[in-house]
Amino acid sequence: MTVQEIAPGQPRVVTEEDIRGTDRRWRRGMVPVAAGDSVKDDGTPDYGLFGPGSMVWEVLLHPATVVFHHVGQQIAQDTYLPIVAGIRDHEPIVRQAREGVFSGFDGFERSSRGAGIHGIMWLSDTNTAVSMANFLHKVHQKVAGDVIDVGNPELGGYAAAGPRESMWAALTEMHPMLRMYEAFAYRDGKAPHRLSDEQRDRFIRECAPYLRAHGTPEDKIPQNMADLKALYAEYDQLFGPSSTVRISPEYGYDYLEILTESATKTYHPSQNPALRMQTLLYREPHKAAVGALPHRARVALGLTPEQEEEAIAETARFQERAWEMQQPEMEREVLQMQWGPDCVRLFESARALHRKALEEQGSPL
C-alpha cells in the first residue's frame, strides 16, 4: 500500500518487505563503488574523501558510531535554526502530515534513507561521493525561504543549497560523529574516552574534502578544533534556543505537533518493527546523547543548568546500555535496517582496508 492509497487519518498497514526496503530506498541512480575499488588518473587506488588510515574512518567505522551517530546528528541539527526552517517548510514528511497521511513508518523510512545516503558519501570512491553530494545539492536548491524564525525575523531567510547552510549541514554531521564516538565507543580495551587534542584536530582537518564537496568556501573550512569553535561563535545567532522556529510562517502550525498527530492517527501494529528501530536509535539514547554534545549545543537546546547537569549524568548512567547496543548482533541489525544493504557492503570493505592500513603503519592512530 502506498501513501497515496491511504485516506487521511487511516491506519497504514506495512509489510515486512516495506520495513526491510530495497536498494532503491538508499540509491540515487548508481551502484556505489566502494573506496579502493576504482583508480585515480595516476593509477593509484581511489579511496574517496577520507580513506583507510584516516582519523575520520577510525571514528566512523566503530560500531558505536554506526548506532549512535543518528541521534547525535539529529540533536545537533535541531540546534541550527536554518536547518529546522528548511524541514518545517519543505520536508516531504511534513507535507504528508499536513495532508494527514504521515505515519511512523514514513519517519523511519526517511531517517534510514538519510543515513544510507551519507554512508555512501563517506565510504565510496570519489566519483560516487561527489555525485551523491551533487545530487543532494540539486535537491536542496528548492529548499529556501524568506523566514528562518517567525519569532526572530531579523535572522532573515535561508537557502539549503547555499554555502552557509551546506557548511553547517556537513559540520553538524561530522562534529556529532566525533562526540558520539568519544562518549560511547568502547575501544583499546578501555571505556569510552576523549581523543587527544592532536587526534581531534586531525579529525576536523580531514573533514575538509567533505566540506568542499558540499560547496563550503575554502576560507571557512576549519583546520582544527579552534577553527571550529570560532565558526560556532561567528554564527552563534543562527543557533537556538527558539520556541517559535518550528511554527510555519505560511500555515501557523508547529510542524512537530502535526507530525505527532498524523502518526498517531495512522498507526498500525504492522509498523512496530520500524518504530522499535526508531526508539532504539533516537528515543532511548536521546538524553545521554544530549549530555555527550558540547555545552554550546545544550545551551542552544534551551536547557537550564540543572537540566544540563542531568543530561551529563545520564551519559554516564547510559554506559552499560551503550555497550550492549554496539555489540555485533545489534550493530548488524542497525546497519541492515538503518544504513541499508549498500552500506553493509561499504562498511565491510572499508573496515578491511582500514585494518590493513593500521597494520602497515604498525601503530594506532
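The values are calculated or read from the model by the stated rules, or taken from the named source; none is laboratory data. A quick note: this is a predicted structure, and the numbers were derived from the prediction, not measured. Cβ placement follows ideal geometry from the backbone for every residue including glycine, while neighbour counts extend to all protein chains displayed.
Pairs are defined by a Cβ separation below 8 Å, a sequence spacing of at least 6 or placement on different chains, a first member in region 191-207 that is more than 15 Å from ASP227 (Cβ to Cβ), and a second member that is among the aromatic types (Phe, Trp, Tyr) and not in a helix (DSSP H, G or I); the pairs so defined are PRO192/TYR186.
Out of all the residues in region 208-220, which are closer than 28 Å to ASN152 by Cα and free of Cβ contacts under 8 Å to residues at least 60 places away in the same chain?
Passing the criteria: THR216, PRO217, LYS220.
In this structure, VAL334 qualifies as of a type in the set (Val, Ile, Thr), modelled with pLDDT of 95 or more, assigned to a helix (DSSP H, G or I) and under 13 Å from THR65 (Cα atoms). Would you say ALA292 is crowded, with 20+ Cβ neighbours inside 10 Å and more than 20 Å from the chain's Cα centre (by Cα)? The answer is no for ALA292.
Out of the residues in region 246-282 that are β-branched (Val, Ile, Thr) and over 16 Å from ILE93 (Cβ atoms), which is surrounded by the most Cβ atoms within 10 Å (Cβ to Cβ)? Going through the qualifying residues, I end up with ILE247. (1) of a type outside the set (Gly, Ala, Ser); (2) in contact (Cβ under 8 Å) with a residue 40 or more places away in the chain; (3) under 20 Å from VAL71 (Cβ atoms): which one isn't true of ARG110, the others all being true? In the conditions (1) of a type outside the set (Gly, Ala, Ser); (2) in contact (Cβ under 8 Å) with a residue 40 or more places away in the chain; (3) under 20 Å from VAL71 (Cβ atoms), ARG110 misses (2) alone. For region 302-348, filtered to residues that are over 22 Å from THR279 (Cβ atoms) and in contact (Cβ under 8 Å) with a residue 24 or more places away in the chain, the residue that is farthest from the chain's Cα centre (by Cα) is GLY302. Cβ-Cβ distances below 8 Å connect the following pairs, each with a first residue in region 349-365 that is more than 8 Å from GLY53 (Cβ to Cβ), a second residue that is outside any helix (DSSP H, G or I) and among the charged types (D, E, K, R), and a separation of six or more residues or different chains: SER349/ASP37; PRO364/ASP188. Just one residue in the set ARG187, ARG194, ARG205 is under 19 Å from GLY48 (Cα atoms) and over 18 Å from the mean Cα position of the chain (by Cα); that residue is ARG205.
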